[in-house]
Structures are given as structure tokens and as C-alpha cells.
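Right, one structure below, let's go through it.
The values are calculated or read from the model by the stated rules, or taken from the named source; none is laboratory data. Because the structure is predicted, anything quoted here is derived from the model rather than measured. Glycine gets a Cβ as well: all are built from the backbone with ideal geometry, and neighbour counts include every protein chain shown.
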Amino acid sequence: MFSKLFKSLFSGSSKPAPQAEPVEYKGYLIYAEPIDEGQYRLAGRICKEINGELKTHVFIRSDLFPNKEDAMQWMVRKAEIFIDQSGDSMFQ
């Protein structure tokens, strides 16, 4: 289980991963980027420009989904909840 995660994080693949299209929510950009581990782990980034500096919060959860589309939809939903609860303090 962990070997697949580490392999996906540290593999030296020659093909760059396609960029996820962001979803805008309350001034934040949510990038759904599920990790393929046989199933898809809920993962992505939440970004926001603050005082001219782009801040990024990496968002990885334990949730697994059988297909990439479900993982992407749930990433956006959970990120919106996280934004509502944490706001800009997620970047500290």
C-alpha cells in the first residue's frame, strides 16, 4: 500500500502529469489531483494569492474512490468545506 504511494510521489516519470483545471471558490483555486493507487486517493491543492504572493496548501486525505471522476468531485466538495472552516489560516 505505502509502496504505491511512495512510488507515485517519487517516481521519475518522463511524462509530466496533466495540469488539473482549477475550480474557483470564494477567491481560492481548487485543483483536484487524485493519486492513482489502484484506487484513487482524494488529493489536490488549494491556492490563493495573498499580498501578491501565491500561497498553496496541499490537500491529501485517506478517502479512496474506484474512479478518478468521483475522487475529483469529492476533492472539490471537501476543499470547499475546509476553506469555509479554515480560511486563510490554512497557509500558516
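Structure data summary
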quantity	calculated
TYR31 vs. criteria among the hydroxyl-bearing types (Ser, Thr, Tyr) and under 9 Å from the mean Cα position of the chain (by Cα)	yes
Close pairs (8 angstrom Cβ cut-off, 6 or more residues apart or separate chains): in contact (Cβ under 8 Å) with a residue 12 or more places away in the chain and within 17 Å of GLY87 (Cα to Cα) in segment 39-56, part of a strand (DSSP E or B) and polar (S, T, N, Q) anywhere	ARG45/THR56; ILE46/THR56; CYS47/THR56
Residue within segment 67-90 that is more than 13 Å from TYR31 (Cα to Cα), in a strand (DSSP E or B), at pLDDT 95 or above and out of contact with any helix residue (DSSP H, G or I) (no Cβ under 6 Å at 6 or more places or on another chain) present	no
Segment 62-73 residues that are more than 10 Å from ALA32 (Cα to Cα), paired with ones that are basic (Lys, Arg) (beta carbon under 6 Å, 6 or more apart)	LEU64/ARG41
Residue in segment 59-72 that is buried (at least 17 other Cβ atoms within 10 Å of the Cβ) and under 14 Å from PHE82 (Cα atoms) present	yes
Failed item in (1) assigned to a strand (DSSP E or B); (2) closer than 19 Å to PHE91 by Cβ; (3) modelled with pLDDT of 95 or more; (4) not charged (D, E, K, R), with PHE59 passing the rest	(3)
